[in-house]
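The values are calculated or read from the model by the stated rules, or taken from the named source; none is laboratory data. Not measured: the values here are computed from a predicted model. Methodologically, a virtual Cβ is constructed for each residue, glycine included, from the backbone with ideal geometry; neighbour enumeration extends over all protein chains shown. Please note that ligands, DNA and RNA were not included when accessible areas were found on the heavy atoms of the full protein model with its side chains. Shrake-Rupley method; radii C 1.70, N 1.55, O 1.52, S 1.80 Å.
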Amino acid sequence: MYGHPVFRCSDLRASQPYLRQAITEHELRWGGGEVDVALFAMQARQLRLLLLRYGPEVEVEPLHFDDFSLLQVPLRGETEIDCDGHRQRLVPGQSALVCPRKRLRVLWSRGCEQLIIRVPNALMRHAAAGAGAWAGQACAAADMPAPLTLVDGASSRTWNALLGSIIDVAADRGTPAEAHPAWQDYHELGMAVFLHTLRSGDDRRGSAPPHPACAPLPLGGGCARGDLAPAVERYVRARICAPIALEDLARAAGVSPRTLHLHWKRQYGVGPMAWLRNLRLDIARQRLRGLGDASITDVALECGFGHLGRFSAYYRERFGELPRETAAGRVRRAA
């Protein structure tokens, strides 16, 4: 996402036309804090992915919704959502699908940064019809989720894998590695079905704590500045299936991204993002070599690879064989 900037400025008023065009018409009220507005955006097949921060505390009230819902995914800071009278506080590790019929108001804490996804309601209705048919139920195609649906706890692992896949596929649009349109549609519909089958927000209100595997670590992770690896590795292993940026690794270590990059190059000979990819590949190899019936697709998603073609290429580059060859060896040993 950080590789797809739209704009950055230090004037909230000047940013309003861009934000209204990217999301929808809205009222914005702000409090204390340094203004540092930044917007990054990617377009998937039907989804619009936005990464947004304001800097200060802000209150956002959209004025209307033109047949779409919003996914709110706080990456830093906290968010409080009031959607048609349903209230929920979100912290990193939680997400919420908001489908307002009447009114939506969102409070951002100071320094909050969020991934926001515009989801066409047509996609959600398609997912509702498909979920009903699969369960053998009479499900109207117009059925929509509750005004506020929370994603956390036991659902987080599957959700993070789905979200990572959507981001990876969207990032490849317009490149030689672009996935087939049918594969892109498969990911987006799968995400919508998953969201539709969660329990409704009516019985999940409140400020439930995030799942331990997704809770942010304290800055520095309790390690001395000269030994950054333990804090970074703990952070990564706790969320191996989730999207992770260089800024996230730096925050876990308690240093700037530049300092982390220089330290990693000096200590390990590669940058932190290359190290992260190699760690994910090593974990994937362990799982493929272990006994069990895990598929290559499942292992790739669980290890944070949303694009199977790139996963196979990285895997062969590192280990000299394809994932299916490793899995085949596991089957021969089991026999």
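Side notes on the structure shown:
- Checklist (1) closer than 19 Å to R76 by Cβ; (2) within 17 Å of the chain's Cα centre (by Cα); (3) open to solvent by 50 Å² or more (accessible area, probe 1.4 Å) applied to D248, failing item: (3)
- Every pair of residues 6+ apart whose Cβ atoms lie under 8 Å, when the first sits in the range 232-243 and is closer than 16 Å to V255 by Cα while the second is of a type in the set (D, E, K, R) and open to solvent by 20 Å² or more (accessible area, probe 1.4 Å): Y235/D248
- Here T297 passes the criteria (1) without any contact (Cβ under 8 Å) to a residue 12 or more places away in the chain; (2) closer than 27 Å to S95 by Cβ; (3) outside any helix (DSSP H, G or I) except the one numbered (3).
- Count of the range 244-279 residues, restricted to those that are assigned to a helix (DSSP H, G or I), in contact with a helix residue (DSSP H, G or I) (Cβ under 8 Å, 6 or more places away or on another chain) and more than 14 Å from L228 (Cβ to Cβ), is 5.
Conditions tested, residue by residue: (1) modelled with pLDDT under 85; (2) open to solvent by less than 40 Å² (accessible area, probe 1.4 Å); (3) in contact with a Ser or Thr (Cβ under 7 Å, 6 or more places away or on another chain).
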| site | (1), (2), (3) |
| --- | --- |
| E80 | no, no, no |
| C83 | no, yes, no |
| Q94 | no, yes, no |
| V98 | no, yes, yes |
| A127 | yes, yes, no |
| Q137 | yes, no, no |
| G153 | yes, yes, no |
| S156 | yes, yes, no |
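- Filter pass, F311 being under 23 Å from A170 (Cβ atoms), of a type in the set (F, W, Y), out of contact with any Leu (no Cβ under 6 Å at 6 or more places or on another chain) and in a helix (DSSP H, G or I): yes
- Within the range 36-64, considering residues that are in contact with a strand residue (DSSP E or B) (Cβ under 8 Å, 6 or more places away or on another chain) and assigned to a loop (DSSP other than H, G, I, E, B), the one surrounded by the most Cβ atoms within 10 Å (Cβ to Cβ): Y54
- Taking the criterion of being basic (K, R) and without any contact (Cβ under 8 Å) to a residue 60 or more places away in the chain, the residues of the range 91-129 that qualify are R101, K102, R103, R105, R125.
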